[in-house]
Every structure is written in C-alpha cells, then in structure tokens.
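The values are calculated or read from the model by the stated rules, or taken from the named source; none is laboratory data. Because the structure is a prediction, the values reported are computed rather than measured. Cβ placement follows ideal geometry from the backbone for every residue including glycine, while neighbour counts extend to all protein chains displayed. Side chains included, ligands, DNA and RNA excluded: accessible areas come from the protein's heavy atoms. Shrake-Rupley method; radii C 1.70, N 1.55, O 1.52, S 1.80 Å.
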Amino acid sequence: MSRTLSPLAPPKPPRGLGKLPAGRWFLLVGAIVTLLFAGSIAFTLQTMNYTREARATLIEVIDPMVLHTLELSTAVSNEEAAMRGYGRTNEAFYLQDYDAAERASATAHGKIEALLPRVPELRGESDRLVEAIENWRTRYAAEVVRQVPELGKDTAASLANVNTEVFGAVRDALSSQQAHLTTLHGDAATRLERGWDVFYGALASLAAVLLLAGIAFTLLVRYVVLRPVATLQDQVRKVAAGDFDTKLNVTRPAEMAELSGHVDAMRRRVLREWRETQRAQQALADQAAELKRSNSELEQFAYVASHDLQEPLRKVSSFSQMLEQRYGDQLDDRAKQYIKFAVDGAKRMQLLINDLLDFSRVGRVSDDRVPTSTADALQTALDNLAARIEDNDATVVHENLPVVSGNRMLLTQLFQNLIGNAIKFRSEDPPEIVITAERKDGMWEFACSDNGIGVDAKYADRIFLIFQRLHPRDVYPGTGIGLALCRKIVEYHGGRIWLEESPDHKGTTFRWTLEATDE
C-alpha cells in the first residue's frame with residue numbers, strides 16, 4: 001500500500017536584494033542603460049544638428065556672401081574705371097563697358113539680397129553700400145555722361161574731386177561689409193570646429209555608454225545568473241555525492257532562492273525518508289532473519305510430520321488391521337466398523353500430511369525456474385494419472401503448448417491436480433478434458449476445460465482456499481488442498497489462476513497465466 005506524501009512547505013521568502021527576481025534585475029539595469037543610451041543619442045543628434053547648421057551657415061551663406069561682395073566690388077570698380085576712361089577720352093565703347101559692369105553689379109547685388117535674410121546683421125552694411133554706389137552713380141557717373149558732350153576730354157578732370165569723394169564712400173562701405181563678413185566667417189568656422197569637437201565627444205560618450213552597458217550586463221549575468229547557478233550546482237553535486245547534510249542555500253535572485261529552497265526541502269524529505277527506509281530495511285532484515293528461523297523450524301516440523309508423525313499412523317493402521325485379522329471371528333459388526341473407521345482415519349491423516357508437505361514445499365524446496373516445456377510437464381502428469389484416466393474412460397486433448405519459465409515438477413503437479421479434479425468431479429458422461437494456451441500481453445494464458453458437474457460462480461474465490469470443500473467427504477474424497485496448491489504454484493510462477501464463469505453452469509474451466517520465455 002503506497003503512502004501519500006504531504007506537499008512540501010513553501011520556502012522562506014528571500015530578503016534584501018534577493019527579493020528581486022532575475023527579470024527585475026535585467027529590467028532595472030536595462031532601463032538605466034536605455035536612459036543613458038537615449039540621452040547620449042539625443043546629445044549626439046543635437047550636436048550633429050548644431051554642427052550641420054554651423055557648416056551650412058559657413059558654406060551656404062558666409063562664403064557665398066564674401067564671393068558675391070567681391071564680385072560686387074569688382075563690378076563697381078569696373079564701373080568707375082569705365083566712366084573715368086569715358087570722361088578722359090570721350091570714347092563710346094567705355095559706355096558699353098560701364099553698362100556691362102553695371103549689370104554685373106546688379107547681378108552680384110541680387111545674389112547678396114537673396115542671402116541677406118539668413119544674415120540679417122549685414123543688412124545695414126549692404127544698404128549703406130547700395131546707397132553709396134547709387135550716390136556715386138548720381139553725382140559722378142551721370143554727370144560725366146551729361147557733361148562729356150560740352151566739356152569733352154576735360155570732363156574727368158573737372159569731376160575728379162567728386163569721384164574721389166563719393167567713390168571713397170563706396171570703398172569704405174565695401175571695406176566695412178567685407179570686414180563684417182570676415183568676422184562672421186571666423187565665428188562660423190569657430191562654431192563649426194567647436195561643433196565637430198562636441199560631436200566627437202558625443203560619439204565617445206555613446207561608446208562609453210555601450211561599453212558600460214556591456215560591463216553592466218556581464219556583471220549582471222555573472223552575479224545574478226552564473227554565480228547563483230554555480231553555487232547551487234556545487235551544493236547539489238555535494239548532495240548527489242552522498243553529503244546529504246549539505247544545506248542548499250542561494251540568496252539571490254528570487255527564482256534561484258525559491259528553487260534552492262524547494263530543492264533543499266526535497267533534500268530534507270529524501271534524507272528523512274531515507275532514514276525511515278533504513279529503519280524499515282533493518283526491521284525487514286530482522287523479520288527476514290526471524291522468517292528464516294521460522295522456515296527452518298517449519299522444515300524441521302515437515303521432517304517430523306513426514307517421518308515421526310506418519311510412523312505412529314502406520315502403526316495404528318497396521319495394528320488395527322492385525323487386530324481385525326486375528327480377532328475378527330470374536331468381534332461383532334460394530335467392533336469391525338470401529339476398526340475400519342480407525343484405519344480409514346489413519347490413511348486420511350497420512351494423505352492430509354502428504355498434501356500439507358507438498359503445499360509447504362512449493363517455492364521452498366525446488367526454487368529453480370528455467371525454460372520448461374509445458375507439453376512435457378503435461379505428459380508426465382498424464383503418465384501419473386494413466387490408471388485413473390483409463391478407469392474413467394477419460395479423454396484429454398491438448399493443443400501445441402508453449403515453453404515457459406518455470407519448475408517442471410511443480411508444473412507437472414499443477415496439471416495433475418487440475419486433470420485429477422476434472423476426473424473426480426465428472427458427470428454421467430465420460431470425462432472430456434481440453435487444455436489450451438494462447439499468448440496475451442507478454443504472458444501465456446492456459447485453460448483447462450471439462451464437461452463435469454461444474455462449480456457455481458459464487459464459490460469462485462472459496463475453492464482456492466486451503467481445506468475448503470463444497471461436497472461431503474463421503475461423496476467426493478480429498479483433503480481440500482488441491483486447488484489451493486494450484487494457486488500457490490501459479491503465483492510462485494508470477495501468474496494468477498481463476499475460475500471462468502459459465503452461463504449454463506455446464507462443465508468447469510480454469511484459466512491461469514505463466515510468464516513467457518524468449519526461447
């Protein structure tokens with residue numbers, strides 16, 4: 001009967017940092033690393049944007065503005081040179097050069113105007129420059145064109161002072177704008193250089209965050225996963241090696257602490273069960289020793305029963321028969337009947353002793369089990385019952401019987417008892433006995449069927465008990481041990497025997513199983 005084990009008590013809850021499960025540890029460290037990584041990325045992106053803006057200002061605004069200012073300065077200088085040449089020579093082609101320079105000046109001024117919204121701080125210098133150029137054109141260029149038909153080649157000389165004054169204002173405005181552009185260019189270059197420095201620093205910080213994340217997760221795996229697992233593995237290995245007193249104790253993380261608690265609880269239970277098993281085995285060994293002693297006494301009793309007890313019975317039977325022979329003519333019928341009862345009782349007592357000896361010897365005297373042919377065992381049983389079979393005109397039919405793992409002598413006795421019962425409990429018809437065997441679930445199932453008087457199904461269990469009889473002794477003689485002996489033989493061979501229920505209560509069929517052999 002199996003014993004139901006009570007469930008293990010829950011382990012003590014972890015304390016301190018051990019309360020956090022491994023998932024929480026990874027979530028916490030992961031959140032910190034994610035925040036640092038996000039901050040580094042945001043700072044890097046901000047730095048990239050700052051550097052991009054500085055570069056765009058320098059390349060797309062300041063440098064083009066410097067170039068266009070230089071183009072404007074060149075065009076205005078060409079205008080002034082063309083107009084002075086026209087005033088000195090009165091040659092018309094100078095006017096063509098002047099117009100081309102003026103168009104170039106207008107083009108450069110238009111490009112400058114397009115860039116001014118991005119550098120509004122240059123608006124003042126640009127307006128002053130435009131105003132100075134327009135003033136020069138009005139006071140000098142226009143006057144030269146107007147006075148050349150009257151003064152001819154002396155026009156340039158007469159307006160030289162005006163040209164020096166107003167064109168000097170143009171040069172001053174150009175110088176001021178170029179100086180301002182130079183300052184802006186230097187500032188933009190400084191911003192760009194600083195932006196690149198900060199960007200490299202941001203990349204370095206991002207790499208540092210990645211390195212720290214790798215180190216953090218490495219330490220986390222080591223101290224939260226690998227080291228607790230190694231500790232538990234070392235403790236379990238010691239227990240597995242036989243050191244059952246080693247306590248399993250891992251404090252973190254929570255899963256490992258709980259696991260070690262459960263395993264330690266199982267260790268304590270196994271240790272307790274093992275000690276109880278040791279005590280039970282010791283008790284079993286003591287019982288085995290006591291049983292061995294008892295069996296030895298039973299063997300001595302069997303010896304006494306087979307020799308010392310049968311000898312007085314033989315004397316009772318012999319002397320009773322001698323008494324009847326010698327004094328038979330002096331005894332009345334009742335005295336002869338008493339002597340007959342005494343002789344019959346002695347014989348039945350001998351028969352009972354022999355059956356008890358056979359019953360006690362099963363599995364004790366002959367305990368060897370080897371591949372045995374059941375056909376040979378049956379044939380030996382039929383040879384032993386040949387006289388009874390012939391006297392009762394019985395027929396025994398059997399199919400191909402298998403080889404089983406068993407004891408031939410006991411199997412012979414099994415067949416002999418079953419066939420003997422079939423002959424004993426016959427009907428008015430001659431006994432017909434059929435013995436078959438078939439393979440089922442790794443066992444051989446045998447059947448012994450007859451056409452006798454049958455057995456009521458309600459007695460199916462009772463008939464296999466020792467000394468149980470269903471009929472009076474004067475009707476069917478016997479000791480009531482035969483079927484009990486059959487059951488003991490079958491159970492010794494690892495099988496079972498039962499009575500098959502017959503719906504019409506005609507005949508009897510006993511079925512039993514025996515272990516199959518590979519041979």
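See the values below:
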{"quantity": "Protection proxy ranking, peptides 271-282, 123-134, average beta carbon neighbours within 10 Å, highest first", "calculated": "123-134, 271-282"}
{"quantity": "Pairwise label distance in nanometres, residue 247 with residue 113, each label 7 Å out on the Cα-Cβ vector", "calculated": "9.3"}
{"quantity": "Burial ranking of peptide ranges 179-192, 482-495 (average Cβ count within 10 Å, highest at the top)", "calculated": "482-495, 179-192"}
{"quantity": "Accessible area of the stretch 107-213 belonging to carbon and sulfur atoms, whole % at 1.4 Å probe", "calculated": "58"}
{"quantity": "Built amide H within the under 5 Å cut-off of residue 432, gap 5+", "calculated": "395, 451"}
{"quantity": "Rounded Å value of the spacing that divides the Cα centres of the stretch 87-133 and the stretch 33-60", "calculated": "39"}
{"quantity": "Separation in nanometres of the label points that stand 7 Å from Cα toward Cβ, at residue 511 and residue 400", "calculated": "2.2"}
{"quantity": "Residue 501/residue 393 FRET efficiency (R0 30 Å; Cβ-Cβ; nearest 0.05)", "calculated": "0.60"}
{"quantity": "Cα-based shape type of the stretch 164-208, given that a ≥ b ≥ c are square roots of the gyration tensor eigenvalues and the cut on a/c is 1.5", "calculated": "prolate"}
{"quantity": "For the stretch 114-174: accessible area per residue (Å², 1.4 Å)", "calculated": "54"}
{"quantity": "Residue 292 versus residue 147: modelled label distance in nm, points set 7 Å from Cα along the beta carbon direction", "calculated": "15.2"}
{"quantity": "Filter on 440/488; 292/424; 111/153; 292/488 - keep pairs with C-alpha separation over 29 Å", "calculated": "292/424; 111/153"}
{"quantity": "Theoretical FRET efficiency, 1/(1+(r/R0)^6), r = Cβ-Cβ of residue 50 and residue 24, R0 45 Å, to 0.05", "calculated": "0.70"}
{"quantity": "Cβ-Cβ FRET estimate between residue 268 and residue 428, R0 fixed at 56 Å, reported to 0.05", "calculated": "0.15"}
